[in-house]
2 protein chains.
Amino acid sequence: MSSVTTTPFDDLSPVLRAAYRARSAAAELAVLPRAAKDDALLAVADALEVRTREIVEANAADTDRARAAGASDTVVDRLTLTPERVRAIASDVRDVVALPDPVGEVVRGSTLPNGLELRQLRVPLGVVGIIYEGRPNVTVDAASLCLKAGNAVLLRGSSSAYASNTALVRAVRDAVHGAGLPADSVQLVPGETRESAQELMRARGMVDVLIPRGGAGLIRAVVEQSTVPVIETGTGNCHVYVDEHADLDTALAILVNAKAQRPGVCNAAETVLVHRAVAGEFLPRALAALTGAGVRVHGDEAWQKAGAAAGIEVEPATAEDWETEYLSYDLAAAVVDSLDAAVQHIRLWSSGHTEAIVTRDTAAARRFTATVDSAAVMVNASTRFTDGSQFGFGAEIGISTQKLHARGPMGLPELTSTKYVVTGDGHVRD
Amino acid sequence: MSSVTTTPFDDLSPVLRAAYRARSAAAELAVLPRAAKDDALLAVADALEVRTREIVEANAADTDRARAAGASDTVVDRLTLTPERVRAIASDVRDVVALPDPVGEVVRGSTLPNGLELRQLRVPLGVVGIIYEGRPNVTVDAASLCLKAGNAVLLRGSSSAYASNTALVRAVRDAVHGAGLPADSVQLVPGETRESAQELMRARGMVDVLIPRGGAGLIRAVVEQSTVPVIETGTGNCHVYVDEHADLDTALAILVNAKAQRPGVCNAAETVLVHRAVAGEFLPRALAALTGAGVRVHGDEAWQKAGAAAGIEVEPATAEDWETEYLSYDLAAAVVDSLDAAVQHIRLWSSGHTEAIVTRDTAAARRFTATVDSAAVMVNASTRFTDGSQFGFGAEIGISTQKLHARGPMGLPELTSTKYVVTGDGHVRD
C-alpha cells in the first residue's frame, strides 16, 4: 500500500497532494513540545477574534445561498456565524489550550526479565480526516483538537459552508504558520465534490483515520466506502428503562429530561420501556408530563390504552419507531415484562450509544449495566450526560458508537495512538 | 445497519446465521466471571490431549491433499499437526488460563463535580472474526484468547486445513459446552469459499472486528473489502540503523540476529542502513558476518563496492528491495548520510512494524525514537523482540501495524473494548 507514497508528487491528485503535505506536517507536529502547540492555538483564538468581520462576511455568502435555495431555518441556523458565535469558537480554542497534552504519556511500562526496558508511549495518530456537514464551527473545533494532540487534519466540509470554511481555515493557517508551525497542519480538502470525499476515503496509508460527523446517511456512506480506518460516531437511539423498583418521581424527571431537554442531539432519549408492574401507575403520569413538555408518544397497546383513558393521543408504534432516532419531540414507548425483556429490546434496536435504568434495586442496576452493550449505561441519571464536557474531558471530537479504538465521548487521548520504545544494551534473541 | 438483525433467522445465509449465534453466545460470555472462562479453557486443553489421535488423523487428510497438490515443504510443515504439536497447543491454552482476565478492569474513573460517579470498564469486544491461512494452530490460539477475553469467535480458516480445523473446533466446542458455556462461542465459518469470507467482511453490526492473519495479499484483501472494522496485522519491513556513534560489535550482533535468527517471521529485519561515517569499517565486517550466516545482500553502490573489495557478491538494490518483506535470507542494504536520512528512508518504505537503532549517543537514540513512526522502536536491541511473549503479555493474537485501537503486539486487553457506567441519584441536565 506504499504505492501512493512512491508516486511522484506532481502526478498526485489535489486531494492526495493535500494528504501528502499533511503527512509532512504531521511528522513535524509529532515531536513538538506542548508549549509550541499551545502557543499556536492561542494565536488561532486571537486570529479568529481579530478576523471576525472577514469570517462573518464570508459566512453571509453561504447563508444567502442556502436561503435562496430554500434551506430550512434549522439548516440556516446551523450554518450561521455571528460575531458572538465566532467569539465562542475562539473561547473553545482557549479551553483546548488548557487541557493536558496526551502525547508522551507512558501508558504502560516495565523492565523485562532480560533487562530490556519497555515503554508504551502515547503518540499522535498522524493525519486525521474529518468529513462533516454544514456546521462551520466543526472546522475550528476539529482543527484545534487535532493540533493539540499533534495531528495534522484534513477537513472535508460541506459545499454549503464553503465560503465560511475557507475564511476560517485561512485564519487558522495564518495563525499556525505565524506561530512557527507548518501551515499544512490544517487543510481544507480541495473540491467539495463527491469524488473528493471518495478519494479521501480511499487514501489508506496517507490518512490514518477518518471521523465522519453528521447525519446517519453520511456516516453510513463513509463506513461502507472507506478503506481508511473509520470511527463511527453519533447515531443515538437511546433508551430509558423504568424498572419495577423505580422511584417513579425520579423516573418521570429523568424521562422528561432525557427526551425533551434538547431533543435534537444524539444523547436524547428516543424510547422509554416501562416494567409492567409499575405501568398502571407510571403511564398516566408519564403521558401527562410528556404531553406537557410537547412530546408526541408512539406507543404499544398498553400505552395506547393509557392514552385513551387519559384523553391523550398515542400513535400506534411500529418496528420503525423502535428503530428510529427521531431527533425531535417524538418518543417510542413500550411496556415490558421484565428487566431482561427490556435488555433484549435494547440489544435488538439500540444504536449502542446510551441507555438508562431508573431503579432503587442494586441487583437490577447491576444486571442492567452488565448486560446492556452500549457505550454508556446510566443508573438513575439522564441519558443527556453522555458528553465529553459532562464527563470532564474538556472537549470532544465526537461520540463513538463502535467498539474499536474509542467508545463513547472522544477527547484528546482518543486522538492518539501508541508506540513501544524498547531500550537495551545489545540485546539479541536466543 | 440493524437490517441484518431484523431479518428472520431462517432467511439468513449460513455465515450470517453463524454470526447471529455468535452474538447470542457473546452476550452470555460477556457477564461470566473469570473462573467460568478458565474452567472452560482447562477443559479445552484436556480435550485436545485426550483427542490428539482424532486430530492428527484429520490433519493427515489435509497434509496428504496438500502434498498431492504439490505444496512446498514449508507449506506442508505449517499445516502439519503431530502429537507433540497438539500437546504444545494444549499447553498454550493452559498459559492463557494463567493470564489475568482483562474484563471488568476500571480503566478510568472519577466522581464528577455534580456527584455523578463515572467508571470506564473493560468489556469484551463481542464477536471477533479471524480470517487466516493454512496454520491449524491459529484455530486454537485465537479461540482461547478470544474466549478468555469474553468474546465469541468466528474462525474462517483455509480450505487446505479444513479437516484439521473441523476436528480441532469439534474438540473445543465439546469441551466448552461440557463446561457449561455456549458451544457457539467458537464456530468455524461455514464454507471455505471466497464468498463466505466476503460475507464475513460485510457483516457489519453482527461482527465487531475482523483480524486477518497471514500473508500481505490476504491482509490487503480484507482491508480493502471489509465494512467490519479491521485490525491490520503482521507485515514487517523492519529496519536496523547503524548510527555513526554505534558500537560496531553490538551493531554486528544485532544485525545478524535481527536478519538471520529466524528470517521467516514478521519481526525479522529486511533492511540495514549504515551511517556513512562508519561504513568504511562496518560494511566489510557486516558482509563477512552476514555471508557466514547465509544472508544474501542486495545493496546500494557503497555496499556493492564493499562486496567487490571483499569478493562477496552484492546484488544491486532497486526500489523493490527497499519495499520488500523478504521473509528469507535476503537483506536490503544502504549507506545514509545522516540519522535523519535513515529516518526519511524508514518513513518512506517501512510497514510501520519495528525499527532499531544501534548507537551509544543518547541524543541520537532520543531523536530516532521520537521521529520514527512505527509500532515499536528498539534502541540497541534486535527487532526480533517485538512479540507478545517477549513483551510479557503472555500470548498475542497478532501484531498490529495500524494506529487505531491497537499498535504492536496485541494481548488480551487489545481484545476488549470499554463501556462507561455512570451512577447518579436522579441526576438530570439543566
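The values are calculated or read from the model by the stated rules, or taken from the named source; none is laboratory data. In this text, all values refer to a predicted model and were calculated from it rather than measured experimentally. Glycine also receives a Cβ, built like all others from the backbone with ideal geometry; neighbour counts cover every protein chain displayed. Areas reflect the complete protein model, heavy atoms only, side chains present, ligands, DNA and RNA absent. Shrake-Rupley method; radii C 1.70, N 1.55, O 1.52, S 1.80 Å.
Which net charge results for the neighbourhood of B:I219, defined as the other residues with beta-carbon distances under 10 angstrom from its beta-carbon, given Lys and Arg at +1 and Asp and Glu at -1? Walk me through the numbers before you get to the answer.
Numbers: positive: B:R213, B:R220; negative: B:E224, B:E232.
Here the charged neighbours net out to 0.
Can you give the Kirkwood hydrodynamic radius of the range A:105-204 from its Cα pairs, in Å with one decimal? Numbers along the way, then the final one.
On the way: mean 1/r = 0.0656 Å⁻¹.
Evaluated over the range A:105-204, this radius sits at 15.2 Å.
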B:T401: net charge of surrounding residues, Cβ under 15 Å, Lys/Arg +1, Asp/Glu -1, itself excluded? -3
Can you give me the Cα centroid spacing of the range B:69-145 and the range A:266-281 in angstrom? 39 Å
Positions from the range B:392-414 whose accessible area shrinks by 20 Å² or more when the full protein complex is built, not the chain alone, probe 1.4 Å: B:F393, B:Q402, B:K403, B:L404, B:H405, B:R407, B:E414
Calculate how many DSSP beta bridges within the protein assembly as shown are antiparallel, expressed in % of all such bridges and rounded to the nearest 5. 25 percent
Within 10 Å of each Cβ in B:369-379, the average number of Cβ atoms from other chains: 6
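What do you reckon, how do A:F9, B:F385 stack up by accessible area (1.4 Å probe), largest on top? Display every interim value, and only then the final one.
Working: A:F9 75, B:F385 5 Å².
Result, largest first: A:F9, B:F385.
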What spacing in nm lies between the two simple spin-label points modelled at A:R34 and B:Q261, each 7 Å away from Cα in the Cβ direction? 3.8 nm
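Please give the charge dipole size of the protein assembly as shown, origin at the Cα centre, charges +1 on K and R Cβ atoms and -1 on D and E Cβ atoms. Round to the nearest 20 debye.
On the way: 82 positive and 108 negative charges, 66 e Å.
Computed charge dipole of the protein assembly as shown: roughly 320 debye.
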I need two numbers for the range A:6-152: Rg to one decimal and Dmax as a whole number, Cα atoms only, in Å. 19.8, 71
On full extension of the chain, what length is gained from A:Q344 through A:A61, given 0.36 nm per residue of separation minus the C-alpha to C-alpha distance? 96.9 nm
Percent accessible area from carbon and sulfur atoms, chain B, protein chains only, probe 1.4 Å: 50 percent
Accessible surface, 1.4 Å probe, highest first, among residues A:E270, B:E414, B:E117: B:E117, B:E414, A:E270
Distance histogram for the range A:221-296 (every C-alpha pair counted, 5 angstrom bins, percent rounded to whole numbers): 3, 15, 22, 19, 12, 8, 6, 6, 6, 3, 0
For chains B and A related by rotation, which residue of B has the Cβ nearest the axis, and what is the rounded distance in Å? B:H405, 2
Out of all Cα-Cα pairs in the range B:79-121, roughly what percent, to the nearest whole number, are more than 13 Å apart? 70 percent
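Mean separation of Cα pairs under 8 Å and 6+ residues apart, divided by the residue count of the range A:238-387: what relative contact order is that in percent?
34 percent
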Take the alpha-carbon centre of the range A:220-237, take the same for the range B:150-170, and report the distance between them in whole Å. 30 Å
So which residue, out of B:L327, B:L200, B:L404, gets the largest mean-square fluctuation from a GNM of chain B using Cα contacts under 10 Å as springs? B:L404
How long is the range B:25-80 along each principal axis, judged by its Cα atoms, biggest number first, in Å? 48, 24, 17
Over the Cα atoms of the range A:238-387, what Rg and Dmax result, in angstrom? 13.4, 39
So what is the accessible area of chain A per residue, in Å², with the probe set to 1.4 Å? 37 Å²
When each copy gets a label point 7 Å from Cα toward the beta-carbon at B:V107, what are the spacings between them in nm, shortest first? 0.9
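So in chain B, what percent of DSSP beta bridges are antiparallel if you round to the nearest 5? Please list the in-between numbers first.
Details: 17 of 57 bridges.
Within chain B, antiparallel bridges account for around 30 percent of the total.
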Dipole check, the protein assembly as shown, charges on Cβ (K,R +1; D,E -1), about Cα centroid: among B:A365, A:I211, B:T74 the Cα furthest to the positive pole belongs to B:A365
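Which whole-number value in Å³ per residue fits the convex hull of the alpha carbons of the protein assembly as shown? Could you put the intermediate results ahead of the total?
On the way: hull volume 141.2 nm³, N = 860.
For the protein assembly as shown, the hull spanned by Cα atoms encloses 164 Å³ per residue.
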Could you order A:T371, B:T111 by accessible surface area, starting with the largest, using a probe radius of 1.4 Å? B:T111, A:T371
Mean-square fluctuation check for chain A, GNM, Cα pairs under 10 Å: which of A:A363, A:A18, A:A163 is largest? A:A363
Ranking B:A317, A:P14, B:H275 by how far each Cα lies towards the positive end of the charge dipole of the protein assembly as shown (+1 on Lys and Arg Cβ, -1 on Asp and Glu Cβ), the top one is B:H275
Give me the Debye-computed log₁₀ of I(q)/I(0) at q = 0.06, 0.07, 0.10, 0.11 Å⁻¹ for chain A, equal point scatterers on Cα only, no solvent, two decimals. -0.30, -0.41, -0.78, -0.91
Once you place label points 7 Å from the Cα toward the Cβ at A:A277 and B:L248, how far apart are they in nm? 8.2 nm
Where a ≥ b ≥ c are the square roots of the eigenvalues of the C-alpha gyration tensor, would you call the range A:124-178 rounded, which needs a/c under 1.5, or, failing that, prolate if a/b is larger than b/c, or oblate? oblate
Which of A:S164, A:S374, A:S417 moves most in a GNM of chain A, Cα contacts under 10 Å? A:S417
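Between B and A, buried accessible area summed over both sides at probe 1.4 Å, in Å² to the nearest 100? Please report the intermediate quantities before stating the final value.
Details: alone 19310 and 19330 Å², together 32060 Å².
Counting protein atoms only, the buried area is about 6600 Å².
Please report the net charge: other residues with Cβ closer than 10 Å to the Cβ of B:N237, K and R +1, D and E -1.
Details: positive: none; negative: B:E270, B:E323, B:E325, B:E355.
Around B:N237, the surrounding residues sum to -4.
Please tell me which of these pairs span more than 31 angstrom C-alpha to C-alpha: A:K148/B:K259; B:K37/B:K419; A:K37/A:K259; A:K419/B:K419; A:K305/B:K419? Walk me through the intermediate numbers first.
Values: A:K148/B:K259 39 Å; B:K37/B:K419 20 Å; A:K37/A:K259 39 Å; A:K419/B:K419 24 Å; A:K305/B:K419 37 Å.
Beyond 31 Å: A:K148/B:K259; A:K37/A:K259; A:K305/B:K419.
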